[in-house]
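A quick write-up on the structure given underneath.
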Amino acid sequence: MKKKGMIGMMETFMIIFVIFILIGFGMYFFYKFSVSSTITEAQETCELSSYEKLLTTLDLPGLQCSFKASPKDCVDTAKLRAFIDTKAAENVGTQACTMKIVFKQIYPQPGMRVNDTECTPDKMRSPEFPESCGKWTLKVPKEELTKNKAARVSSTPVSLYYPHIKQYGIGQLEITTYTYT
């Protein structure tokens, strides 16, 4: 009777051990599935927020053209340069996604070499402006935040206003979103 009881206890422990192993595998696969679905959902959210950011960046009062206190559908390059130099520019695009926000001049097309030249206050005051530079970077993420991430670019055309020469140009607002692959 003693041997039959020991064998019965051993069988019970073996069954319980196998059940715990199966529960462990189930928890492992549930965790892997949960992490992958969370990453996918975060990427989709980042993509959607980049489109929202395209629209909201153009509506920032610090960037919009205004004539007689009435806002217009264009970006004032002098206001843009001043906005970049303020603390408010650091708060643009602060959320879970890493973003780079750049305004580029398309027409009048700047010279070949200066197309990617950042427009500084000195270059904007020069007589060659708007041909002397062609880019205003509103937000640049830190390099360690973009390392080993896929970049997705969303862009939209914008009307640029050059108040120094009272002319309009065509530009492009580019938002680069960095997500895990």
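The values are calculated or read from the model by the stated rules, or taken from the named source; none is laboratory data. This is a predicted model, so every value here is computed, not measured. Positions of Cβ are backbone-derived with ideal geometry, glycine not excepted, and every protein chain shown enters the neighbour counts.
The set of residues from region 112-132 being closer than 22 Å to Met99 by Cα and surrounded by 16 or more Cβ atoms within 10 Å (Cβ to Cβ) comprises just one member, Cys119.
Considering region 133-154, the residues that are exposed (fewer than 14 other Cβ atoms within 10 Å of the Cβ) and touching a strand residue (DSSP E or B) at 6+ places or on another chain (Cβ under 8 Å) include one that is modelled with the lowest pLDDT, namely Leu145.
Quick test for you: out of Thr137, Thr177, pick the one residue that is β-branched (Val, Ile, Thr), touching a Lys or Arg at 6+ places or on another chain (Cβ under 9 Å) and closer than 14 Å to Leu80 by Cβ. Let's see the steps before the verdict.
Numbers: Thr177 fails: closer than 14 Å to Leu80 by Cβ.
Checking each option against the conditions leaves just Thr137.
Taking into account only those residues within region 128-161 that are assigned to a strand (DSSP E or B) and among the small types (Gly, Ala, Ser), which is nearest to Phe67 (Cα to Cα)? Checking each candidate, the answer is Ser159.
Which of the residues spanning region 46-93 are in contact with a Leu (Cβ under 8 Å, 6 or more places away or on another chain), in a helix (DSSP H, G or I) and modelled with pLDDT of 75 or more? Listed by number, the residues that qualify are Thr57, Leu58, Thr77, Lys79, Leu80, Phe83, Ile84. Considering region 53-77, and only residues there that are free of Cβ contacts under 8 Å to residues at least 24 places away in the same chain and among the polar types (S, T, N, Q), the residue that is nearest to Met124 (Cα to Cα) turns out to be Gln64.
Within region 33-87, the set of residues being of a type in the set (Lys, Arg), surrounded by 12 or more Cβ atoms within 10 Å (Cβ to Cβ) and closer than 25 Å to Pro130 by Cα comprises Lys72, Lys79, Arg81.
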